[in-house]
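Take a look at the following structure, please.
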Amino acid sequence: MSRFVDRVKIEVVAGNGGHGCTSVHREKFKPLGGPDGGNGGRGGDVRLVVDPQVHTLLDFHFRPHARATNGKPGMGGNRNGGAGEDLILKVPDGTVVIDEDGEIVADLVGAGTEFIAAQGGRGGLGNAALASRARRAPGFALLGEPGDERELTLELKSVADVGLVGFPSAGKSSLVSVLSAAKPKIADYPFTTLAPNLGVVTAGAEVFTVADVPGLIPGASQGRGLGLDFLRHLERCAVLAHVVDCATLEPGRDPVSDINALEAELAAYQPALDADHSLGDLATRPRVVILNKIDIPEAAELADLVEADIAERGWPVFRISAVAHQGLSELTFALAEMVARYRAEHAEPVARRAVIRPKAVDESEFTVVADPDVEGGFIVRGARPERWVRQTQFENDEAVGYLADRLNRLGVEDALVKRGAKPGAPVTIGEMTFDWEPTTPMGEAVPITGRGTDIRLERNDRVGAAERKLARKMRRQASDENELGWGAADLGQEESDVDDE
């Protein structure tokens, strides 16, 4: 049995960008043909797309974690890595996306409307793209950036033309069942309906949707009963219809007091979407009053007494019986007329075009502040410095030197000097902390040494080609001596005999 779920929390993780490749072209008679490492591929995005065939958020209730694929790493021969595939998540029409801070970041209305919930990380550059006049054969590449990871809340606000409001057991579900082909659960006890029911109604040439909102009682706008969970489904309704139980036997209740109590809750409720689709506040929506269960004689008498008082508010009043099918035709065509009037005054929601506002690539804004946890330390904040740190291979000295050059050109070193930084001061950028050395010159003024090395760094643990060759020679010599049975003692004896002669 399907369940109606209209609020879920999901975790979306975009794909990581692929790493760049460090490669040197090798060909017969061309031992060093130049760098040819390709770039890494972009990570896949996580996208939310409105699908008219989806009517609930049930799938996300059981599978709240969504992850896109990573980009492929670059390869030699100037071959770039493939981009990760985007993950498409289908959501119902009327889904609202809320971020971790409780702010609405997207309102998805209209088939095909799309929202990028998590951006994939960009791929790292290979050493072919990093080659320059000063660094002709880089011995490093840039790492791919991690994709966005966010926790979002999805809320479904039903897109219906007419919203039925009323106390429990007022007959809202019964009315939906007789006006449309919907078959909601109907019973003779309060709070039978635990989820909004939607139905499609046809009146002549007009077709509109109607939805009942369950569990509205005094205090619903403050979280009492089920009202706070389902009041949001009224935010997009063009017409609000009060369904009044004229046959109730509860003491202290009558049609006028029921309407007043629900009107107070509608006025107290603060919609999350202000002026949603130009509908205005809930208090200003067109109203109709439906006096239900008039097939009972006592209910018909009560309807005669209150109909005039309700009509004084300027709201149309209809007397019906959902069970006996009385007065339904007049009500249906009246609602169709009100809906048609609304549609003529308001444009039909269409798929919203995605607005892309990319940040400037050469954006150089960054800030340098004192580190509150480390005495004499500083923290550098900025999109570009933090991204460069994430892309750096810190086990490669040449890559670290390249990072230092980029930060110097950006003006980070000058900013640290103005802030009074001392040599050796700990400087934190992103998740890395460095010991700042202000005398480090720019890369163009430093002679280029072996691949993967940088002369400016005091410690270099990288083993060069010459050292590896010497180590192999020593190992071979030691192996030959062991096979011949020569040892250090034998060599020492032979040298002594030569000296005696």
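Please state the relative contact order of region 7-156 as a whole percent: Cα pairs under 8 Å, 6+ residues apart?
Values: 535 pairs, mean separation 56.2, N = 150.
After rounding, I find 37 percent.
Here's something else I'd like to know. Highest mean first, what order results for 234-244, 75-85 on Cβ atoms within 10 Å? Could the numbers behind the result be given before it?
Values: 234-244: 24.3, 75-85: 18.5.
Packing order, densest peptide first, comes out as 234-244, 75-85.
Could you sort H55, H61 by their accessible area in this structure, using a 1.4 Å probe and putting the largest first?
Numbers: H55 125, H61 85 Å².
Listed by decreasing accessible area, they come as H55, H61.
In addition: Could you tally the net charge around T367, taking each other residue with its Cβ under 11 Å from the Cβ of T367, Lys/Arg +1 and Asp/Glu -1?
+1
Here's another thing I want to ask about it. Please compute the per residue accessible area over region 7-156 with all protein chains in place, 1.4 Å probe, rounded to a whole number of Å². All intermediate terms of the calculation are to be shown ahead of the outcome.
Details: 7290 Å² over 150 residues.
Computed with neighbouring chains in place, this is 49 Å² per residue.
³J(HN,Hα) across region 384-389 via Karplus (A = 6.51, B = -1.76, C = 1.60, θ = phi - 60°), whole Hz, x for Gly/Pro?
6, x, 5, 5, 4, 5
Which links in K172/K293; K28/K473; K90/K172; K9/K157 stretch past 20 Å when you go from one Cα to the other?
On the way: K172/K293 11 Å; K28/K473 26 Å; K90/K172 30 Å; K9/K157 15 Å.
Where the Cα-Cα span goes over 20 Å, the pairs concerned are K28/K473; K90/K172.
If T433, T95 are ordered by their accessible area, calculated over protein heavy atoms with a 1.4 Å probe, which sequence runs from highest to lowest? Could you put the intermediate results ahead of the total?
Working: T433 85, T95 0 Å².
If we order T433, T95 from most to least accessible, we get T433, T95.
Sticking with this one: What are the semi-axes of the equivalent ellipsoid for region 7-156, taken as the square roots of 5 times the Cα gyration tensor eigenvalues, largest first, in whole Å?
Semi-axes, largest first: 42, 13, 11 Å.
Just to verify a number: what accessible area does W436 come out at with the full protein assembly present, 1.4 Å probe, Å² rounded to tens?
Surface open to solvent at W436 totals about 30 Å².
Give a quick list of trypsin sites (Lys or Arg not before Pro) in region 15-74 that DSSP marks as loop, anything other than H, G, I, E or B, with at most 12 other Cβ atoms within 10 Å.
R26, K28
R122 accessible area, nearest 10 Å², 1.4 Å probe?
Number for this one is 130 Å².
The values are calculated or read from the model by the stated rules, or taken from the named source; none is laboratory data. Owing to the predicted nature of the structure, the values given are computational and were not obtained by experimental measurement. Note that each Cβ is placed from the backbone with ideal geometry, even for glycine, and that neighbours are counted across all protein chains shown. Quick note on the areas: whole protein, heavy atoms, side chains included, nothing else; ligands and nucleic acids left out. Shrake-Rupley method; radii C 1.70, N 1.55, O 1.52, S 1.80 Å.
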